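Engineer: Here you go, one structure.
The values are calculated or read from the model by the stated rules, or taken from the named source; none is laboratory data. These numbers were taken from a predicted model, which means no experiment stands behind them. Using ideal geometry, Cβ is built from the backbone for each residue, glycine included, and neighbour counts are taken over all protein chains shown. Please note that ligands, DNA and RNA were not included when accessible areas were found on the heavy atoms of the full protein model with its side chains. Shrake-Rupley method; radii C 1.70, N 1.55, O 1.52, S 1.80 Å.
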Amino acid sequence: YYRRSWSSESSDSVISSESGSSCYRVVLIGEHGVGKSSLANIFAGVHDSIDSDCEVLGEDTYERTLMVDGESATVILLDMWDNKREGEWIREHCMQVGDAYLIVYSITDRASFEKASELRIQLRRARQKEDIPIILVGNKSDLVRCREVSVAEGRACAVVFDCKFIETSAAVQHNVKELFEGIVRQVRLRRDSKEK
Ligand code: GDP
Ligand code: MG
């Protein structure tokens with residue numbers, strides 16, 4: 001999708017897409033196995049209120065236009081965090097190019113929850129002074145009997161992170177639409193407050 005030759009250096013990287021709607025790069029990060037690709041696949045797949053087909057721009061990049069609050073937004077979703085073939089640079093790249101981040105952990109895996117905190121710190125370091133929209137995502141909420149991280153802990157962590165929080169289940173497609181709509185809203189909130 002680099003055919004549009006977007007500059008990753010651009011600090012103001014909310015760019016208008018060809019259709020004229022706003023276009024946001026959203027990056028999935030988090031421990032291996034927490035469900036990032038499963039969430040990306042739902043984003044890419046058939047989805048109730050999403051009105052257009054998804055374009056797959058390479059094996060781990062998806063583009064889709066969503067209607068959120070009566071306004072369309074094009075989301076480019078990057079799921080390349082675990083792509084080790086490309087080497088460590090891909091993670092540094094991910095840390096730089098996102099307009100917004102979904103930091104995913106599994107509610108059944110405390111280590112992945114702790115990893116999420118590390119990633120928050122890394123992101124803050126990589127993007128100092130920028131107020132980047134982030135949602136902390138506790139995935140696998142369907143696995144109630146294997147829960148290791150409570151909803152209250154997730155919520156409290158998001159307060160410390162200064163970000164939003166949601167629990168999702170990619171397996172039963174719970175809150176996944178809300179997640180992607182939520183991140184669009186978070187980007188818009190910052191955009192709107194900049195304009196004032
Ligand atoms: P990734 O490594 O973060 O991309 O994680 P994947 O999307 O590959 O998922 C890892 C494993 O967890 C797979 O076996 C998925 O089927 C499973 N998984 C992902 N999301 C959920 C979920 O919400 N609930 C349950 N029960 N399993 C999930
Ligand atoms: Mg994956």
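Engineer: Roll a 1.4 Å probe over the protein chains and send me the accessible area per residue for segment 142-193 in Å².
Structural biologist: Accessible area per residue, segment 142-193: 55 Å².
Engineer: A follow-up question, please. Scan segment 70-114 for GluC sites (Glu not before Pro) in coil per DSSP, keeping those whose Cβ has at most 14 other Cβ atoms within 10 Å, and list them by number.
Structural biologist: Working: sites: Glu71, Glu86, Glu88, Glu92, Glu114; in loops: Glu88.
For GluC sites (Glu not before Pro) across segment 70-114 that sit outside H, G, I, E and B with at most 14 neighbouring Cβ atoms in 10 Å, the list reads Glu88.
Engineer: Over segment 64-186, what is the relative contact order in whole percent, taking alpha-carbon pairs under 8 Å and six or more residues apart?
Structural biologist: Once divided by the residue count of segment 64-186, the mean separation gives 24 percent.
Engineer: What is the gain in length, in nm to one decimal, between Glu92 and Ala156 on full extension, counting 0.36 nm per residue of separation less the C-alpha to C-alpha distance?
Structural biologist: This chain segment gains 20.3 nm when fully extended.
Engineer: Still on this model: Read phi for every residue in segment 154-166 and hand back ³J(HN,Hα) as whole Hz from Karplus 6.51 cos²θ - 1.76 cosθ + 1.60, θ = phi - 60°, with x for Gly and Pro.
Structural biologist: x, 5, 5, 5, 5, 5, 5, 6, 6, 9, 7, 9, 8
Engineer: Tell me, what HN-Hα J-couplings in whole Hz come from the Karplus equation 6.51 cos²θ - 1.76 cosθ + 1.60 at θ = phi - 60° for each residue of segment 73-90, using x for Gly and Pro?
Structural biologist: My calculation for segment 73-90 gives 9, 9, 10, 9, 9, 9, 10, 10, 4, 8, 7, 6, 4, 7, x, 5, 4, 4 Hz in order.
Engineer: Here is a further query. For Lys164, give me every one of the lysines with a C-alpha distance below 24 angstrom, ignoring sequence neighbours fewer than eight places off in its own chain.
Structural biologist: Correct list for Lys164: Lys36, Lys115, Lys129, Lys140, Lys177, Lys194, Lys196.
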